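Before any comments, here is the structure.
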Amino acid sequence: MIEADVLIMNARLLTMDAQMSVFENGFIGVTRDTISHIGKGDSLPIHAKKVIDAQGGLVLPGLINAHTHASMSLFRGLADDLPLMEWLTKFIFPAESRMDKEFVRAGALLACAEMILSGTTTFCDMYLFEDEVAQAAQEAGMRCLVGEVLYDFPSPNYGPIDKGFEYTEFLIQKWSGNPLVSIAVEPHALYTCSADLLTRANNLALTHRVPLVIHVAETKIEIEESIEKFGKRPFDYMESLGILGPHVIADHCVHVDDSEIERMTSHQIKVVHNPESNMKLASGVSPVTKFLARGVTVALGTDGCASNNNLDLLEEMDMAAKLQKVATMDPTALDAPTVLKMATVSGAKVLGLGSLVGSLEVGKKADMILLDIKRPHLVPLYNPYSQLVYSARGNDVTHSMINGRLVMENRKLLSLDLAEILKRAKEEAQRVITWVSKS
Ligand SMILES: [Zn+2]
């Protein structure tokens, strides 16, 4: 008999490994933070301190939200259905200019609670006061890649941009070697960062061998301005600055032409697709099927809560598939297994965590979720991929394990005090009301 710390048994395992192996009546053993055994059958060779009977439920790798602004959870529903500039200038910018550490911390904890409760185990964040987000993730027991947003204007956190680079270096040093938190360099976008800022950011990322996260080609206006200002489309401009490479994580990539896609392929640019945000802000439809056909790795993100308005990746998968179908007028476009890959194994690759997580394989870190399938909207079950993408919702996730630690059991959050988080979020919302009413 082999010893393990945790044994999950009687599960339908979707491993998301290279062969897309599925184990009926499967089991998975976890020793410390790592997957130590995977198999199938009733005669279990493992003895474990804790045994979880999945009762035939689906067990799969934890979902990866590859682009969000976690603390914007506190702006959920603050102002919707407005033109982008009015939304930004009347609500988001006035509120963000007044925010502080306490706000970011409360918002990040609210987002972590929502993400765990809906099956996300890893997220990539861009915001202000990002050390607070990293601490919140650590407290929640979540895996993350985070970075302080850098731009040309003074920041409520660090002030002038030189301090922004110092703050990013501080984050890199502070969180180096942490099992859950990784740091990226994160210039906001081409239209908010000077050429000098972008070059410095890229050099810093290369020096420390960390990813560079940036919003690219999100709206049509952005492309028009780029051509007017630089005489180039966004990816051509980035190439002229020497900041294309496999370390670049480009969020959105909605308006890109075929020659830019060639460039993205040859430089191994990573893409994060955010379908619900792109729909809500009427940004357009990212050419995801073209990216995938050319071998670009594409992950899935929710973007911030103000433009979504939730962090439910199961819902985001559904939207991603349907948006590509309607945009290409082809019902075979972006099928369910491909979308699930985007939210798991490809998400891990995009964030540079591919060797650690994204699939259930012996030797990988134990990040996984369990879904209860004994619910009316999940019966009958012919195809688990279809069920996950087109029928399931975040609420169906009952258990979540991250790095070997059970953070949710039978829908109860084990790592966070939910009542306290909700109370703090309501208090912060009162401050938000005063911020936007004074603007
Ligand atoms: Zn964003």
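Odds and ends about this structure:
- Entry remark, region 2-37: residues being surrounded by fewer than 18 Cβ atoms within 10 Å (Cβ to Cβ), of a type in the set (A, V, I, L, M, F, W, C) and part of a strand (DSSP E or B) number 2 in total.
- Of all residues in region 312-341, those satisfying the criterion of being more than 19 Å from the chain's Cα centre (by Cα), of a type in the set (Val, Ile, Thr) and either within 30 Å of Gly245 (Cβ to Cβ) or assigned to a helix (DSSP H, G or I) (or both) are Val326, Thr328.
- Residue list for region 234-260, restricted to those being surrounded by 20 or more Cβ atoms within 10 Å (Cβ to Cβ) and away from the ligand (no atom under 16 Å from the Cβ): Phe235, Met238, Ile243, Leu244, His247, Val256, Glu260
- Within region 44-108, strands (runs of 3 or more DSSP E) holding 1 or more residues that are surrounded by 24 or more Cβ atoms within 10 Å (Cβ to Cβ) and among the polar types (S, T, N, Q): 63-68
- Any hit, region 183-196, residues being crowded, with 24+ Cβ neighbours inside 10 Å and in a helix (DSSP H, G or I): no
- For first residues located in region 1-24 and in contact (Cβ under 8 Å) with a residue 12 or more places away in the chain, partners that are among the hydroxyl-bearing types (Ser, Thr, Tyr) and surrounded by 14 or more Cβ atoms within 10 Å (Cβ to Cβ) and lie 6+ apart or on another chain with Cβ distances below 6 Å form the pairs Ala4/Thr31; Ala4/Ser36; Asp5/Thr31; Thr15/Ser21; Thr15/Ser359; Met16/Thr344; Met16/Ser359; Asp17/Ser359.
To keep it simple, each residue is scored yes or no on (1) outside any loop (DSSP other than H, G, I, E, B); (2) among the hydrophobic types (A, V, I, L, M, F, W, C).
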site: Tyr382; (1), (2): no, no
site: Gln387; (1), (2): yes, no
site: Met401; (1), (2): yes, yes
site: Leu406; (1), (2): yes, yes
site: Glu420; (1), (2): yes, no
site: Lys426; (1), (2): yes, no
site: Gln430; (1), (2): yes, no
site: Thr434; (1), (2): yes, no
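- Exclusive hit being closer than 20 Å to Ser359 by Cβ and in contact with a helix residue (DSSP H, G or I) (Cβ under 6 Å, 6 or more places away or on another chain), set Ile64, Ile8, Ile35: Ile64
- Pairs, first among the basic types (Lys, Arg) in region 56-79, second within 13 Å of the ligand (Cβ to nearest atom), C-beta under 7 Å, six or more apart: Arg76/Cys305; Arg76/Ala306
- Screening Ser286, Ser359 for residues that are buried (at least 18 other Cβ atoms within 10 Å of the Cβ), in a loop (DSSP other than H, G, I, E, B) and in contact with a helix residue (DSSP H, G or I) (Cβ under 6 Å, 6 or more places away or on another chain) leaves exactly one candidate, Ser359.
- Here is the figure for region 63-77: residues that are within 11 Å of the chain's Cα centre (by Cα) and away from the ligand (no atom under 12 Å from the Cβ) total 2.
- Yes/no for Ser286 being away from the ligand (no atom under 12 Å from the Cβ) and free of Cβ contacts under 8 Å to residues at least 24 places away in the same chain: no
- The set of residues from region 289-311 being buried (at least 24 other Cβ atoms within 10 Å of the Cβ) and either more than 11 Å from the ligand (Cβ to nearest atom) or not in a loop (DSSP other than H, G, I, E, B) (or both) comprises Val298, Ala299, Leu300, Cys305, Ala306, Leu311.
- Residue count, region 406-439 (criterion: free of Cβ contacts under 8 Å to residues at least 40 places away in the same chain, of a type in the set (Lys, Arg) and over 30 Å from Ile35 (Cα atoms)): 2
- Residues that are of a type outside the set (Gly, Ala, Ser) and more than 27 Å from Asp5 (Cβ to Cβ) are absent from region 396-418 altogether.
- Of the residues making up region 111-129, those that are within 14 Å of the ligand (Cβ to nearest atom) and of a type in the set (Asp, Glu) number 1.
- Qualifying residue in region 221-229 (condition: within 16 Å of the ligand (Cβ to nearest atom), in contact with a helix residue (DSSP H, G or I) (Cβ under 8 Å, 6 or more places away or on another chain), of a type in the set (Asp, Glu) and part of a loop (DSSP other than H, G, I, E, B)): no
- Test result for Leu244, in contact with a helix residue (DSSP H, G or I) (Cβ under 6 Å, 6 or more places away or on another chain) and without any contact (Cβ under 8 Å) to a residue 40 or more places away in the chain: yes
None of the figures in this text is laboratory data; all of them are computed from the coordinates on show. Predicted model only: the values in this text are computed from it and were never measured. Virtual Cβ from ideal backbone geometry, glycine too; neighbours counted across all protein chains shown.
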